[in-house]
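Report on the structure given below.
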Amino acid sequence: MPESPESSTGIAWKRLFAEGAAIVVSILLAFAIDASWEGRQEQARVRESLISLRSEFERHRIQLGGVRRTNQGMVDAIVAALAMGDEDVATMSPDSAERLSRGITAYLGFNPSDAALEAMLSSNALEGVADVRLRNGIAAWPGLVAHYQRQFDEVVASYNSALERVQELRLVEPFFCLTFGFSTCEWLDWLRPVLADADAREALARMAMFLSTSLMLQTGLDDHVELVLSLLAETLP
């Protein structure tokens, strides 16, 4: 029996619907594949950024350790020098004078290179970090460093104040020895007048105070570096 016009029309519509549905499914599948590919690319980009960041923070750990040891040694040297009485200063050996003088003038600042972090922020890769703790820890680092460096500016100001007083006393030789690496210096001739001068001693005391404060802030930086590294270890096993 031949098909009626109505039956033929129904079959045509069904065929068109099936073909249209197949096209829609194909398009959606293509979008899904494309999105999945882009997602994998984004994850790879974030992972690469985190690997670079881990290396950077490992360098921060090493640098902070060196800064801490040097500045703690300077605080100890200043405290030891200011605790000396007139008789101690008068009978000081040249070796003792050199150790104290080098300790007093050997501070270090912390100016990290954050190239990996800056690249991560500029590329918005940080937004792709799934761990909220890690994301927040990374984002907080620049502010912590800036706060530390503002405090250390006080150390530099105190150092410059002490240096200016030393220059007024015409006792600049050891600073040139330290700067240019001269092998011999008249450390006793430099240190004794410095310790006998009230203004120079006050400047050294201020320097020790601000160094001690910066060391406490540096402890916070150390702790933060360790936190970020531990979270990175979880994310990058």
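The values are calculated or read from the model by the stated rules, or taken from the named source; none is laboratory data. Quantities reported herein were computed from a predicted structural model and do not represent experimental measurements. Backbone-built Cβ (ideal geometry, glycine too); neighbour counts: all protein chains shown. Accessible surface is based on the protein model in full, side chains and every heavy atom, while ligands, DNA and RNA are left aside. Shrake-Rupley method; radii C 1.70, N 1.55, O 1.52, S 1.80 Å.
Before moving on, here are some points about what is shown:
Yes or no, residue by residue, for (1) under 30 Å from the mean Cα position of the chain (by Cα); (2) at pLDDT 80 or above:
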residue: 13; (1), (2): no, no
residue: 22; (1), (2): no, no
residue: 34; (1), (2): no, no
residue: 66; (1), (2): yes, yes
residue: 76; (1), (2): yes, yes
residue: 88; (1), (2): no, yes
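- Screening the stretch 68-117 for residues that are among the charged types (D, E, K, R) and either touching an Asp or Glu at 6+ places or on another chain (Cβ under 7 Å) or closer than 24 Å to residue 221 by Cβ (or both) and picking the one that is surrounded by the fewest Cβ atoms within 10 Å (Cβ to Cβ) gives 69.
- Test: residue in the stretch 104-111 that is assigned to a helix (DSSP H, G or I) and either at pLDDT below 70 or within 30 Å of residue 194 (Cβ to Cβ) (or both): yes
- Going through (1) modelled with pLDDT of 80 or more; (2) among the hydrophobic types (A, V, I, L, M, F, W, C); (3) open to solvent by 40 Å² or more (accessible area, probe 1.4 Å) one by one, residue 208 falls short only on (3).
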